[in-house]
1. Explain nothing, just the number: dipole magnitude of the range 57-134 about its Cα centre with +1 on each Lys and Arg Cβ and -1 on each Asp and Glu Cβ, in debye rounded to the nearest 20.
2. So what does Ser161 come to for accessible area, using a 1.4 Å probe and Å² rounded to 10?
3. Please report the net charge: other residues with Cβ closer than 11 Å to the Cβ of Ser60, K and R +1, D and E -1.
4. List the relative contact order of the range 102-220 as a percent without decimals, with contacts defined as Cα pairs under 8 Å and 6+ residues apart.
5. Within 15 Å, Cβ to Cβ, of Leu78, how many net charges do the neighbouring residues add up to if Lys/Arg are +1 and Asp/Glu are -1?
Amino acid sequence: MKHQELSFWRGGLARLPWALLLGGLLACSKSEPPKPAAEPSPAASAPADPPSQTAISGESIYVLKPAMVDHTGATIPLDLFRGHPVLIAMFYGTCPAACPTLTRDIKNVLEAVEPARRADTRVLMVSFDAERDTPAALAALNQKHKIEPQVWRFVAANESSARELSAVLGVQYRKIEKGEFSHSTKIVLLDRGGVAVAELEGLGQPADALVAKLKSLGAP
């Protein structure tokens, strides 16, 4: 897998109303995603990524209104960090290997940019396992990863909201045995208005293009 800068829909598709496009995406999100070729063991070093497709147009994803809560139990809007570049990803807190690696990958992206850009960038990680990722569990993640909630927020979305958001971001997940999940991993870069402008798919992948795009975003 490799990183790639997102390309926007052109031609006839570009003329379709965003509401119609988004409606189709959300309808698709209600169906069960395809099974990976082989279900990974929870003890595996990292689950294999099922094939996924980018489902983002050139419009802001902030039109979505998912139901999400953070470590305080407060309801959090998707556009919490509007006005800042945002790295957004989906995860679950009890993931044995892939999600901790995903978190490190995000930290590596932030470390690759200059301090002023790093201070301006925000991170939003959305759990699709709200049953276990309670506010208390999210608070524990803040402590474990030494997260400052003002700039990096772990939140949990309910089932329908997680499906909607995963469809738009192009992330696939499905529950397997013992409450674990098989899921793809992707970091999506949003501009200041919530438009996806770049992505990094997979774990431990070179992030040069994503970093370059982050650096290219204008000052607030």
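1. Dipole about the Cα centre, nearest 20: 120 debye.
2. Rounded to the nearest 10, that gives 10 Å².
3. -1
4. Computed value for the range 102-220: 23 percent relative contact order.
5. +1
The values are calculated or read from the model by the stated rules, or taken from the named source; none is laboratory data. This one's a predicted model, so the numbers in the text were calculated from it and none came from an experiment. Heads up, the Cβs are rebuilt from the backbone with ideal geometry, glycines too, and the neighbour counts pull from every protein chain shown. Keep in mind that these areas ignore ligands, DNA and RNA; they rest on the heavy atoms of the full protein, side chains included. Shrake-Rupley method; radii C 1.70, N 1.55, O 1.52, S 1.80 Å.
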